[in-house]
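Worksheet: one structure, shown below.
The values are calculated or read from the model by the stated rules, or taken from the named source; none is laboratory data. None of the values given here were measured: they were computed from a predicted structure. Cβ: placed from backbone, ideal geometry, glycine included. Neighbour counts: every protein chain shown. Remember, those area values only see protein heavy atoms, side chains included, never the ligands or the DNA or RNA. Shrake-Rupley method; radii C 1.70, N 1.55, O 1.52, S 1.80 Å.
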Amino acid sequence: MIRIAEDWKDYEIIATGGGLKLERWGSLVLLRPDPQIIWQPRFELESYRGINAVYRRSSSGGGGWTFSKGVPDNFTVSRKGLSFSLKLMGFKHTGLFPEQAVNWDEAQRLIRGAGRDINVLNLFAYTGGASVACAAAGAKVTHVDAAKAMVERAKVNASLSGVPDGSIRYIVDDCGKFVAREQRRGRRYDAIVMDPPSYGRGASGEVWKLEDDLFAFVKECVKLLSDDPLFVLINSYTTGLQPTVIENILRLTLPGRGGDFESYELGLPTGDGIPLPCGCSGIWRNTREQI
């Protein structure tokens, strides 16, 4: 099953093909590579009038932006009352993954329906899309990411979205080390959200590889759940990783919890009339509260 992130007015995929996607972010039009797009375009995407910037890969495996028209240092997009400050960054990123709106909506629905205070732990939290969504729904959020610049941008996004002061606790730290310390402190959370990278290297040279490390990491994370948890949500962009793998990890690390398990692809609508797949997610919900 694929879940499509809709209700974006400031974002759209105009067309896809030949390993590229043509997108509109507010008033900016970008052309970026996407490894999932192996079909041919319905027109030559680079000929589209009004492109502001193109990300091109180099033969060495890197890449960079080429600017056709003026691009501001920062630009803003909004959806359902949430606003995000973006910029063109290295490795083709803008600082937001629009397909994650599917998961933001689900997290907000569960938090609002809980009828009680909810503490959320958001790991590998990046620029705070999930943190802002959960806080806007009334949760207290602990936002953890190892990149200080991304945490600072999350603070900006929270402010732009009108999140009340004190709703989000920001932590710049290695997620594994933070989880271990929280265990020793006896801290507990009602919900856990994570969006781990496919590959990473820690400050002390530690190597993270999702296929090798995710299961053990999730086993440690679920030890932080409260006595009456609400949900656990895992997202992955790793190409080739099936949604059922994420669901299996949740089932194996949450034995005897009951509740509801679900996994799904994430996608975005396109002007071609087909969905663009954008990774996968899995969620466990405490059905004693609701589905």
Within region 26-35, residues being open to solvent by 70 Å² or more (accessible area, probe 1.4 Å) and over 20 Å from Lys9 (Cα atoms) number 1
Residue count for region 246-264, restricted to those that are out of contact with any helix residue (DSSP H, G or I) (no Cβ under 6 Å at 6 or more places or on another chain) and either in contact (Cβ under 8 Å) with a residue 60 or more places away in the chain or open to solvent by 20 Å² or more (accessible area, probe 1.4 Å) (or both):
11
State yes or no: is Ser159 more than 15 Å from the chain's Cα centre (by Cα), among the small types (Gly, Ala, Ser) and under 26 Å from Gly113 (Cβ atoms)?
no
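Take region 181-229 and flag every residue that is of a type in the set (D, E, K, R) and surrounded by 20 or more Cβ atoms within 10 Å (Cβ to Cβ). Break it down into steps so the answer makes sense when it comes.
First, pick out the residues of region 181-229 that are of a type in the set (D, E, K, R): 181-182, 184-185, 187-188, 190, 195, 201, 206, 209, 211-213, 219-220, 223, 227-228.
Within region 181-229, Glu182, Asp190, Asp195 qualify.
Look through region 31-54, keep the residues that are assigned to a strand (DSSP E or B) and either closer than 29 Å to Ser131 by Cβ or of a type in the set (Gly, Ala, Ser) (or both), and return whichever of them is farthest from the chain's Cα centre (by Cα).
Ala53
Can you tell me which residue is most open to solvent (accessible area, probe 1.4 Å) among those in region 55-69 that are part of a loop (DSSP other than H, G, I, E, B) and in contact with a Gly (Cβ under 8 Å, 6 or more places away or on another chain)? First the steps, then the outcome.
Start the filter on region 55-69 by keeping residues that are part of a loop (DSSP other than H, G, I, E, B), which leaves 58-62, 68-69.
This time we only want the ones that are in contact with a Gly (Cβ under 8 Å, 6 or more places away or on another chain), so: 58, 69.
On the way: Ser58: 52, Lys69: 111 Å².
The qualifying residue most open to solvent (accessible area, probe 1.4 Å) is Lys69.
With the structure loaded, tell me whether Val77 is modelled with pLDDT under 95 and touching a strand residue (DSSP E or B) at 6+ places or on another chain (Cβ under 7 Å) or whether it fails that test. Before the answer, list the steps.
Details: modelled with pLDDT under 95: no; touching a strand residue (DSSP E or B) at 6+ places or on another chain (Cβ under 7 Å): yes.
It is false that Val77 is modelled with pLDDT under 95 and touching a strand residue (DSSP E or B) at 6+ places or on another chain (Cβ under 7 Å).
Rundown of residues vs (1) at negative phi; (2) assigned to a loop (DSSP other than H, G, I, E, B), yes/no style:
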site: Gly95; (1), (2): no, yes
site: Gln100; (1), (2): yes, no
site: Trp104; (1), (2): yes, no
site: Ile111; (1), (2): yes, no
site: Val120; (1), (2): yes, no
site: Thr127; (1), (2): yes, yes
So, in region 162-180, how many residues would count as being part of a helix (DSSP H, G or I) and open to solvent by 70 Å² or more (accessible area, probe 1.4 Å)?
1
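Out of Glu23, Glu44, I need the residue that is out of contact with any Gly (no Cβ under 7 Å at 6 or more places or on another chain), of a type outside the set (Lys, Arg) and surrounded by 15 or more Cβ atoms within 10 Å (Cβ to Cβ). Which one?
Numbers: Glu44 fails: surrounded by 15 or more Cβ atoms within 10 Å (Cβ to Cβ).
Only one candidate passes the filter, namely Glu23.
Give me the residue from region 4-20 that is of a type outside the set (A, V, I, L, M) and not in a loop (DSSP other than H, G, I, E, B) and, out of that set, nearest to Trp39 (Cα to Cα).
Narrowing region 4-20 to residues of a type outside the set (A, V, I, L, M): 6-12, 16-19.
Filter again for not in a loop (DSSP other than H, G, I, E, B), leaving 11-12, 16-17.
Working: Tyr11: 22, Glu12: 19, Thr16: 8, Gly17: 5 Å.
Taking the candidates together, the pick is Gly17.
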Say whether the condition of being buried (at least 20 other Cβ atoms within 10 Å of the Cβ), over 18 Å from Ile274 (Cα atoms) and of a type in the set (A, V, I, L, M) is met by at least one residue in region 89-97.
yes
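Among the candidates Gly129, Gly166, which residue alone is without any contact (Cβ under 8 Å) to a residue 60 or more places away in the chain, small (Gly, Ala, Ser) and touching a helix residue (DSSP H, G or I) at 6+ places or on another chain (Cβ under 8 Å)?
Values: Gly166 fails: touching a helix residue (DSSP H, G or I) at 6+ places or on another chain (Cβ under 8 Å).
After ruling out the rest, the residue left standing is Gly129.
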Give the number of residues within region 268-278 that are surrounded by fewer than 21 Cβ atoms within 10 Å (Cβ to Cβ) and under 14 Å from Asn235 (Cα atoms).
1
Taking region 230-244 and the residues there that are surrounded by fewer than 19 Cβ atoms within 10 Å (Cβ to Cβ) and either closer than 24 Å to Lys177 by Cα or β-branched (Val, Ile, Thr) (or both), the one that is modelled with the highest pLDDT would be Thr244
